[in-house]
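Q: Just dropping this structure here.
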Ligand code: HEM
């Protein structure tokens, strides 16, 4: 009987303790006078997105709509206080003007725990700033113009592939088709190699396999992604990883050979690898410390080694192909539904080809305004990264007087 009592007592105390731990900061937003819905223990207000029942954008939007007049709404993403910022002027402060306080995404303090999360997309602060400052010149229009002939070659392959597949298949998965095309563009412009995604193998092509690993949409990956945001210390203490280690190894094996051969023999491809290899010249890349005032000499440096260059290449690959493939397939989807728009667009493109004698030049991007409008409208209708998340890097006070703390999360949705 005594043993029974001890067990029940221990269990009850453990339950209370757990509940206390999971709800202890639930007064945080109330004390700050931030309008907020009632949170659940453990899941906060984002249970449907944490359990992958709904898209994160939809959940943020639905919560916001319950507070139509408020500039922001307080929520808990799991157990992390998360402010959904709605007022466009405050969004501008977070994403642009006061960016110093919001330079990280989600869990930037833990970005050094995995090779891939060391990239610009995951880190914050000076680490982000140095990479951003040194990557920006690589994306200038002059550099992209220099790669245009490579994209043109890939487009010719796409045309041949479409001719073949329309003869032999009853339907074509547009997203898959464009992923094959954009991966070929990225590997060609980025690394100077042919992935052959449009020629052989289909889904069995190694690049298509690595695509599945990077953009793994399984429930396990989704749960890992969310638990990493909510309890990063526990996530890494349990030796979990967001990205499959084979992704980094794949690119490491692929690229270190290319780096070595390019260093011993000068290349004139002017592709991404050529450009990031210039980082190796001084063994370091440097940048101005984030938040430095004009005139202050506040330089920070980052050591350059093969791992850093491989990480940039994974980023270039991952950020570049899936976004573009999805955007292209959504433009086609809308054009298929809007015949009138499709005909008007075809007329504009036919007219361009008549003028240019069938040759497509880089300058076409300035000569096809209707095409540009179609792409922009499609991106407006289907923003690919619907929710932009920011880590609060340093305590910050909004003009409304609301003070948020380091470690809180910010979400804005499009
Ligand atoms: C239609 C195609 C694309 C769309 C819709 C798109 C969308 C976006 C968005 C919304 C962000 C901001 C995310 C945030 O602030 O949290 C972003 C960031 C970024 N994108 Fe793209 N993107 C596209 C294509 C590309 C391509 C082709 C590349 C490179 C090859 C690329 C590289 C990047 C990088 C490096 C960042 C991070 C910038 C930073 O942290 O400063 N994107 N993209």
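The values are calculated or read from the model by the stated rules, or taken from the named source; none is laboratory data. This structure is a prediction, so every number in the text was calculated from the model and none was measured. Heads up, the Cβs are rebuilt from the backbone with ideal geometry, glycines too, and the neighbour counts pull from every protein chain shown.
Q: For segment 207-224, name all the residues that are more than 15 Å from the chain's Cα centre (by Cα), closer than 19 Å to residue 235 by Cα and touching a residue at least 24 places away in the same chain (Cβ under 8 Å).
A: Those that are more than 15 Å from the chain's Cα centre (by Cα), closer than 19 Å to residue 235 by Cα and touching a residue at least 24 places away in the same chain (Cβ under 8 Å): 219, 223.
Q: Could you identify the single residue in 396, 352, 362 that is touching a strand residue (DSSP E or B) at 6+ places or on another chain (Cβ under 9 Å), more than 27 Å from residue 173 (Cβ to Cβ) and more than 9 Å from the ligand (Cβ to nearest atom)? If you could, list the steps in order and put the result at the bottom.
A: On the way: 352 fails: touching a strand residue (DSSP E or B) at 6+ places or on another chain (Cβ under 9 Å); 362 fails: touching a strand residue (DSSP E or B) at 6+ places or on another chain (Cβ under 9 Å).
Result of the check over 396, 352, 362: 396.
Q: Right, next: Being in contact with a helix residue (DSSP H, G or I) (Cβ under 9 Å, 6 or more places away or on another chain) and more than 10 Å from the ligand (Cβ to nearest atom) is the filter here, so list the residues in segment 118-145 that pass it.
A: Going through segment 118-145, the residues in contact with a helix residue (DSSP H, G or I) (Cβ under 9 Å, 6 or more places away or on another chain) turn out to be 118-125, 127-128, 131, 134-135, 137-138, 141, 143-145.
Passing the criteria: 118, 125, 127, 134, 137, 141, 143, 145.
Q: Looking at the structure I just gave you, is residue 378 within 25 Å of residue 210 (Cβ to Cβ) and surrounded by 16 or more Cβ atoms within 10 Å (Cβ to Cβ)?
A: no
Q: Now a separate question. State the number of residues belonging to segment 100-116 that are touching a residue at least 60 places away in the same chain (Cβ under 8 Å) and surrounded by fewer than 16 Cβ atoms within 10 Å (Cβ to Cβ). Walk me through it before giving the result.
A: Looking only at segment 100-116, we keep the residues that are touching a residue at least 60 places away in the same chain (Cβ under 8 Å), and these are 100-110, 113-116.
Filter once more, keeping what is surrounded by fewer than 16 Cβ atoms within 10 Å (Cβ to Cβ): 100.
Total meeting the criteria: 1.
Q: Still on this structure, I have one more. Residues in segment 374-393 that are more than 21 Å from residue 78 (Cα to Cα) and in contact with a helix residue (DSSP H, G or I) (Cβ under 9 Å, 6 or more places away or on another chain): how many?
A: 9
Q: Can I ask one more? Pick out the one residue from 309, 328, 345 that is within 16 Å of the ligand (Cβ to nearest atom), surrounded by 15 or more Cβ atoms within 10 Å (Cβ to Cβ) and at pLDDT 95 or above. Write out each step before concluding.
A: Details: 309 fails: at pLDDT 95 or above; 345 fails: within 16 Å of the ligand (Cβ to nearest atom).
328 is the lone residue from the list that is within 16 Å of the ligand (Cβ to nearest atom), surrounded by 15 or more Cβ atoms within 10 Å (Cβ to Cβ) and at pLDDT 95 or above.
Q: Here's another thing I want to ask about it. Restricting attention to segment 58-72, does a residue exist that is under 30 Å from residue 313 (Cα atoms), surrounded by fewer than 16 Cβ atoms within 10 Å (Cβ to Cβ), assigned by TED's automatic domain parsing to the domain that holds residue 394 and at pLDDT below 95?
A: no
Q: Hey, another quick one. Just one of the numbered conditions (1) touching a residue at least 12 places away in the same chain (Cβ under 8 Å); (2) under 30 Å from the mean Cα position of the chain (by Cα); (3) more than 16 Å from the ligand (Cβ to nearest atom) is not true of residue 381; which one?
A: (3)
Q: Based on what the data block shows, is residue 358 surrounded by fewer than 13 Cβ atoms within 10 Å (Cβ to Cβ), modelled with pLDDT of 95 or more and assigned to a loop (DSSP other than H, G, I, E, B)?
A: The answer is no for residue 358.
Q: Specify the residue that is nearest to the ligand (Cβ to nearest atom); the eligible residues are those in segment 239-251 that are surrounded by 18 or more Cβ atoms within 10 Å (Cβ to Cβ) and assigned to a helix (DSSP H, G or I).
A: Among residues in segment 239-251 that are surrounded by 18 or more Cβ atoms within 10 Å (Cβ to Cβ) and assigned to a helix (DSSP H, G or I), the one nearest to the ligand (Cβ to nearest atom) is 251.
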